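Encoded as structure tokens, the structure appears first; notes follow it.
The values are calculated or read from the model by the stated rules, or taken from the named source; none is laboratory data. These numbers come from a predicted model, not from an experiment. Methodologically, a virtual Cβ is constructed for each residue, glycine included, from the backbone with ideal geometry; neighbour enumeration extends over all protein chains shown.
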Amino acid sequence: MKTAEEIKAAIEAAVPGAGVTVVPNPGLSGQHSLLLAQEHAVQAAEFLRDDEDLALDFLSNVTGVDWLDKEIAEKVRVTKPVTKTVDGVEQTVEETVEETRKRVEPGYLEAVYHLYSMAKKYGPVVIRMRTANRTDAVEMPSLTPVWRSGEFQEREVFDLFGIVFKGHPDLRRILMWDEFKDHPMRRDYVEPDDYEYEPTPHDEVLAKAKAHTEKQGTRE
Amino acid sequence: MGIAETKTARVEGWNRPPVVEADGEGELLEVAMGPHHPSTHGVFRMDVVLDGERVIKLKPVFGYLHRNHEKIAEKASYLASMPYTDRLDYFCSLSNNWAYALAVEKLAGQEVPERAEYLRVILAELTRVQNHASTIGFLLQEMGASGTPLMYAFREREKILDLFEGLTGSRMMCNYMRFGGCRVDPSAAWLEQTCKVVAGLPAFADEFERFLAENEILMARCQGVGVLKPELAVNAGVTGPMLRASGVNYDLRKVDHYGIYDRFKFRVPLGDHGDIYDRYMVRVLEIRESIGILEQALKEIPAGPVMDPKAKIRNFRPKAGEAYGRIEAPKGELGFYLISDGGPNPYRYRVRPPSLINLTVLEDMCLGSNVADVVLIFGSVDIVLGEVDR
């Protein structure tokens, strides 16, 4: 089986400007993945399927992952002028202090594809694609035209994560009902306030009941 | 959304058979088969457009049993999801356990002792035998053989379920495997009883085959119906007996050699035509191969621990990373994809359900055939709604 780097080189040779990045897997399973840029993802996928050496004809698994905005706290050494009173005289002294700076790394939605080769009997080759953010730019190209196996699975990712697959022939909700609004597999999904009357609420239900009645302003 | 609003868009490279045209006489009839149709094995709906008896369009509708298994598992610890995997494909809880344990073992780099590996093989093959027997029984039931073949299958299945109950305490919700082994060691009496049951299985397979395989009605209803081409099957990710019935030699027990499957001698039955009859026949032959594996495993099973003594049960936190583990479940490739962030519960937990993905080609197999055949084609896919909807 070829390593992720070799497959990356093969894709880049066949599809110029494909923009493939190897995403190492820090775990013990050794399943490293290839991050495809959205622009040439379909050509790259077609190459993976049709290339005689690779022959990745079987798309086993498609799934989404939600990566939230990450707040990263970094300790930085900063040198800055500080005004100090030394022996009764005010002076400006350069001083190096350690500061904690926070920055927010924007989150994104990710689709993960596990490919195998039935012809050559190896795998998995993991490919991923990422959206620009989690809110308004949630599109990515669909790989269903390349592997039909993605038809229901991409619909499921659309339904539960809210990734919009451009080029999917029939992108509808699959598990939730059509009128449903949110995407329940997102990490920050909030359950709807669907409290129903219960004569003796307790524990979580009691808290839910309380929140509900406060919101409604009435007591049932 | 009504079936009229669904799209059958022409996308370049989209692997779909030509659209079946209505003959223009009479009206088209839209039928919702299910969700409470006796042939749908649960709550599943097929929106069918009929031109007379002929199927023009068919769209499966899922989600009646959706409980967001993945979300629940992401909020629970790794071990807490083990009993919940039983409820995915409730006919084959032990294979589900194995697939999940395998994925977590890959993630955590966990070893499994010999005896536990043998036990896993024995239990998985017993599961396969009872699943295939029941599937054939249900298929015959849908063909109109009301009850009798199903009862023959269930009589044998009951013996196997008794074994499961004796070992795990439960007939169907077994919750038996653990990360790094199995929960309890079987007694010598249990192994003896298993040998007895396995010794009785070939006679059952013979009987089943004698009654059914050359049955005229079965042949007339099944041969040449619901044909699935191998190219489409591979492209659509179809796995398990359905794929092999189309003639593609891909059995994960041979390809991945997960567990200790490289030690056993068995053959992979393949079909020629990819019709319902081949799917039925592949299952019959797989029962026979499974019996062969069971005999070998029961003869060779070594003594020893069933649980790796170094396995961590409490405070189980795999190293950050991800893993995809898959097994050959009776219905097809059952996979679990896990992402760990080093915490006590998985960051991402995904089940690759063979039942759902095998249904991708349902419309392709049904287009142009009679509505009575849709029931049979659907039955030959072998699904369980607990796994389709999750």
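On the given criteria, is A:Thr144 farther than 30 Å from B:Lys59 by Cα, in a loop (DSSP other than H, G, I, E, B) and in the same structural domain as A:Asp51 (by TED's automatic domain parsing)? Spelling it out, it is not the case that A:Thr144 is farther than 30 Å from B:Lys59 by Cα, in a loop (DSSP other than H, G, I, E, B) and in the same structural domain as A:Asp51 (by TED's automatic domain parsing).
Taking the stated definitions as given, is A:Asp159 within 32 Å of the chain's Cα centre (by Cα) and without any contact (Cβ under 8 Å) to a residue 24 or more places away in the chain? No: the conditions fail for A:Asp159. Screening B:Glu111 against (1) more than 12 Å from chain A (Cβ to nearest Cβ); (2) of a type outside the set (Ser, Thr, Tyr); (3) touching a Lys or Arg at 6+ places or on another chain (Cβ under 8 Å) leaves a single unmet condition, (1). Residue count for region B:245-278, restricted to those that are under 15 Å from B:Leu228 (Cβ atoms), surrounded by 20 or more Cβ atoms within 10 Å (Cβ to Cβ) and of a type in the set (Asp, Glu): 2.
The listed residues are B:Gly224, B:Gly180, B:Gly259, B:Gly200, and the only one of them that is within 30 Å of B:Lys312 (Cα to Cα) and away from chain A (no Cβ under 14 Å) turns out to be B:Gly259. Listed by position, the strands (runs of 3 or more DSSP E) inside region A:73-139 whose residues that are of a type in the set (S, T, N, Q) number at least 3 are A:89-105.
With respect to B:Ala311, determine if the residue is within 30 Å of B:Ala188 (Cα to Cα) and within 14 Å of the chain's Cα centre (by Cα). Against the criterion (within 30 Å of B:Ala188 (Cα to Cα) and within 14 Å of the chain's Cα centre (by Cα)), B:Ala311 does not qualify.
Selection over region B:231-249 of residues that are at the interface with another protein chain (Cβ under 10 Å from one of its Cβ atoms), under 15 Å from the mean Cα position of the chain (by Cα) and not in a helix (DSSP H, G or I) gives a count of 3. Among the candidates A:Gly64, A:Gly30, single out the residue that is within 25 Å of A:Met185 (Cα to Cα) and either of a type in the set (Gly, Ala, Ser) or not assigned by TED's automatic domain parsing to the domain that holds A:Thr131 (or both). Criteria check complete, one pass: A:Gly64. Summed over region A:1-21, the residues that are within 14 Å of chain B (Cβ to nearest Cβ) and outside any loop (DSSP other than H, G, I, E, B) give a count of 1. Looking only at residues in region A:157-206 that are among the basic types (Lys, Arg) and more than 10 Å from chain B (Cβ to nearest Cβ), the one that is surrounded by the fewest Cβ atoms within 10 Å (Cβ to Cβ) is A:Lys181. Could you say whether any residue in region B:308-315 is outside any loop (DSSP other than H, G, I, E, B) and either touching a residue at least 60 places away in the same chain (Cβ under 8 Å) or closer than 20 Å to B:Ala80 by Cα (or both)? The answer is no, given that none of the residues of region B:308-315 is outside any loop (DSSP other than H, G, I, E, B) and either touching a residue at least 60 places away in the same chain (Cβ under 8 Å) or closer than 20 Å to B:Ala80 by Cα (or both). Quickly run through region B:334-363 and pick out the residues that are more than 9 Å from chain A (Cβ to nearest Cβ) and farther than 30 Å from A:Gly30 by Cβ. Scanning region B:334-363 gives B:Leu362, B:Glu363.
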